[in-house]
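Chemist: Here it is: the structure, laid out below.
The values are calculated or read from the model by the stated rules, or taken from the named source; none is laboratory data. Fair warning: this is a prediction, and the values are worked out from it, not measured in the lab. No Cβ is skipped: glycine too gets one built from the backbone with ideal geometry, and neighbour counts run over all protein chains shown.
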Amino acid sequence: MTTQAYDIIIIGAGCAGMQMMRALLQHPMYNGQRILLLDDGKSIQQKKTWCFWYQPGVHPYQHLISKQWEQLSIGTRSGFQTNAIAPYVYGHIHSTDFFDFHFSLIQQNPQIEYAVEQVLLTKKREDGFYVSTDHQSYFAKQVFSSSWDQKIATEHSRVYLQQQFYGWQIETEKKVFNAAAATLMDFRTAQDQGVSFIYALPFADNNALIEFTSFSDKPFDQQYFETTLTDFIHKKFKTTFKITRREQSVIPMTDYVFQRFTHEGSIAIGTAAGMVKPTTGYAFNRILKDCLQLATQVLTGKEVLGFKKNRFHFYDQLLLQIIQKKPNEARYILETLFERVSFNHILRFLDEDTNLWQEACLFAQLPKISFLQTIPELWKPIPFTNIPVIQS
Ligand SMILES: Cc1cc2nc3c(=O)[nH]c(=O)nc-3n(C[C@H](O)[C@H](O)[C@H](O)COP(=O)(O)OP(=O)(O)OC[C@H]3O[C@@H](n4cnc5c(N)ncnc54)[C@H](O)[C@@H]3O)c2cc1C
């Protein structure tokens, strides 16, 4: 079997692989390099929605945003509050639109190829990378990889929780939704299995995606999700409804330290590079920023450097510990945060765009005892755990 040569191979053509391809292709220094995307087809099969907050006018994926909200709502023990989030808006992209757009780029550019193949092995030699799949072998000078080993991450972390969510897109008989505001977190739902909340995206006054989300290390069965959702919808909206679509998945929430490079030496991207923010599960914009930076580094011949830990990593570690060990306190902290701090301040903090003073102001509003009690945990060595891995 002959080895086909490319300039760049991207392993995994999901959210990160596609964004990486686009970032390279549209970079001013891109010079027609041949790019091969290899994917086993899993990400594209899973229909989903990506949401994120952004400043209108400056987002490279703005043309794919099918709905946006200028307000966000939060439900806590004190009630339900809705606030404007200017200068941000909260946008929504269908994965189908995302993939259609990237496949049209591939079609328009014959130097970019896409193959549905499972990568089995990547080996780095002096001249470059040799990549073997279940069909073929390939060579490239540069490899980006979305592939990561969940077992290694669970074994080398103090906290390995799962953000599990199950949702229905529903059409209701009555007009019950405020289509101007998305609900980020409504904690007024079952709390017996970890920190849990309802996430809701109203597309019209009688059409919304309602998701039950939970941060937990125990897998839930479908019956639990369905009962909890039905209960919430009946109590809050008091209407009959029909389900038009289902969405279910699991996102890792871990303090495992993802690295810039995979153990074979290729450049990790997306989840494999720790781009999923461990305390929220948001990744789309982090992936975007990372891919744009990587495209510049690789195409201008700059050295790609390993990650440095920053203070946000420390904050995430602290909160993850509290979520795992004291879920009730974690919920109290989150509720307090949204009750006392302006939404745009929180969003900027979650984007890791705040300065130390702004972070101090935010922490000053929170109950401090849980954080102080948790700090010593972070100095304990990372154990080899055997937390069961939940399959999505
Ligand atoms: C249902 C769902 C909803 C989400 N919603 C949001 C949201 O609203 N906002 C947000 O910011 N984030 C969201 N996220 C988090 C994050 O944006 C996604 O998880 C994102 O898809 C991560 O991108 P990725 O490329 O790393 O992984 P994926 O999109 O999963 O793509 C990786 C691809 O690589 C393939 N692959 C891996 N290894 C190999 C191999 N060896 N050979 C061949 N192919 C391989 C996989 O099968 C997959 O197709 C959501 C995640 C899920 C699961």
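Chemist: Could you please find all residues in the range 269-295 being at pLDDT 95 or above and either among the hydroxyl-bearing types (Ser, Thr, Tyr) or more than 11 Å from the ligand (Cβ to nearest atom) (or both)?
Modeler: Thr271, Tyr282, Lys289, Leu292, Gln293, Leu294, Ala295
Chemist: Report, ordered by the first and then the second residue, all pairs with beta carbons closer than 6 Å, sequence separation of six or more or different chains, a first member in the range 66-93 that is farther than 18 Å from Leu209 by Cα, and a second member that is outside any strand (DSSP E or B) and of a type in the set (A, V, I, L, M).
Modeler: Close Cβ pairs (under 6 Å, with a partner that is outside any strand (DSSP E or B) and of a type in the set (A, V, I, L, M)) amount to Tyr88/Leu347.
Chemist: Of all the strands (runs of 3 or more DSSP E) wholly in the range 1-97, which have at least 2 residues that are within 11 Å of the ligand (Cβ to nearest atom)?
Modeler: Ranges flagged: 3-11, 35-39, 49-54, 89-94.
Chemist: Moving on. Please find, within the range 252-265, the residue that is nearest to Phe314 (Cα to Cα) out of those that are assigned to a strand (DSSP E or B) and modelled with pLDDT of 90 or more.
Modeler: The residue in question is Thr254.
Chemist: Now for a different question. May I ask you to say which residue of Thr172, Thr122 is more than 24 Å from the chain's Cα centre (by Cα), over 19 Å from His234 (Cα atoms) and polar (S, T, N, Q)?
Modeler: Answer to the check: Thr122.
Chemist: What is the number of the single condition among (1) outside any strand (DSSP E or B); (2) out of contact with any Asp or Glu (no Cβ under 7 Å at 6 or more places or on another chain) that Phe144 does not meet?
Modeler: (1)
Chemist: I would also like to ask the following. Any residue at all in the range 233-255 that is within 28 Å of Gln324 (Cβ to Cβ), aromatic (Phe, Trp, Tyr) and surrounded by 18 or more Cβ atoms within 10 Å (Cβ to Cβ)?
Modeler: Looking through the range 233-255, none of the residues is within 28 Å of Gln324 (Cβ to Cβ), aromatic (Phe, Trp, Tyr) and surrounded by 18 or more Cβ atoms within 10 Å (Cβ to Cβ).
Chemist: While we're on this one: Of all residues in the range 113-133 being in contact (Cβ under 8 Å) with a residue 40 or more places away in the chain and of a type in the set (S, T, N, Q), which is farthest from Asp39 (Cα to Cα)?
Modeler: Thr122
Chemist: Across the range 349-371, which residue is modelled with the lowest pLDDT among those that are surrounded by 12 or more Cβ atoms within 10 Å (Cβ to Cβ) and polar (S, T, N, Q)?
Modeler: My answer is Ser370.
Chemist: Kindly indicate which of Val304, Val298 is within 30 Å of Val119 (Cα to Cα), away from the ligand (no atom under 14 Å from the Cβ) and not in a loop (DSSP other than H, G, I, E, B).
Modeler: Step by step, each of Val304, Val298 is checked, and only Val298 is within 30 Å of Val119 (Cα to Cα), away from the ligand (no atom under 14 Å from the Cβ) and not in a loop (DSSP other than H, G, I, E, B).
Chemist: Quick one: in the range 32-60, of everything that is over 19 Å from the mean Cα position of the chain (by Cα) and without any contact (Cβ under 8 Å) to a residue 12 or more places away in the chain, which residue is nearest to Cys291 (Cα to Cα)?
Modeler: So, considering only residues that are over 19 Å from the mean Cα position of the chain (by Cα) and without any contact (Cβ under 8 Å) to a residue 12 or more places away in the chain, the one nearest to Cys291 (Cα to Cα) is Val58.
Chemist: On to the next question. Condition first: part of a strand (DSSP E or B), over 30 Å from Thr49 (Cβ atoms) and within 13 Å of the ligand (Cβ to nearest atom). Can you find one or more residues in the range 101-120 that meet it?
Modeler: Checked against the condition, which is being part of a strand (DSSP E or B), over 30 Å from Thr49 (Cβ atoms) and within 13 Å of the ligand (Cβ to nearest atom), the range 101-120 yields at least one hit.
Chemist: Follow-up question, since we're still on this one. Looking only at the range 192-225, filter to residues that are outside any strand (DSSP E or B) and under 23 Å from the mean Cα position of the chain (by Cα); which one of those is modelled with the highest pLDDT?
Modeler: Phe225
Chemist: Among the residues of the range 338-348, is any within 13 Å of the ligand (Cβ to nearest atom) and either buried (at least 16 other Cβ atoms within 10 Å of the Cβ) or of a type in the set (Val, Ile, Thr) (or both)?
Modeler: Yes - at least one qualifying residue is present in the range 338-348.
Chemist: Right, something else. Among the β-branched types (Val, Ile, Thr) and either modelled with pLDDT under 70 or part of a helix (DSSP H, G or I) (or both): is that true of Thr374 in this structure?
Modeler: It is true that Thr374 is among the β-branched types (Val, Ile, Thr) and either modelled with pLDDT under 70 or part of a helix (DSSP H, G or I) (or both).
Chemist: From the list Phe165, Phe177, Phe139, which residue is away from the ligand (no atom under 16 Å from the Cβ), hydrophobic (A, V, I, L, M, F, W, C) and in the same structural domain as Phe203 (by TED's automatic domain parsing)?
Modeler: Phe177 is the lone residue from the list that is away from the ligand (no atom under 16 Å from the Cβ), hydrophobic (A, V, I, L, M, F, W, C) and in the same structural domain as Phe203 (by TED's automatic domain parsing).
Chemist: Quickly run through the range 63-96 and pick out the residues that are out of contact with any Cys (no Cβ under 8 Å at 6 or more places or on another chain) and among the aliphatic types (A, V, I, L, M).
Modeler: Those that are out of contact with any Cys (no Cβ under 8 Å at 6 or more places or on another chain) and among the aliphatic types (A, V, I, L, M): Leu64, Ile65, Leu72, Ile74, Ala84, Ile85, Ala86, Val89.
Chemist: Follow-up question, since we're still on this one. Output yes when any residue across the range 25-35 is aromatic (Phe, Trp, Tyr), touching a strand residue (DSSP E or B) at 6+ places or on another chain (Cβ under 6 Å) and more than 14 Å from Ala272 (Cβ to Cβ), and no when none is.
Modeler: no
Chemist: Right, next: Among Thr228, Thr154, Thr189, Thr183, which is hydroxyl-bearing (Ser, Thr, Tyr), on the phi < 0 side of the Ramachandran plot and part of a loop (DSSP other than H, G, I, E, B)?
Modeler: Thr189
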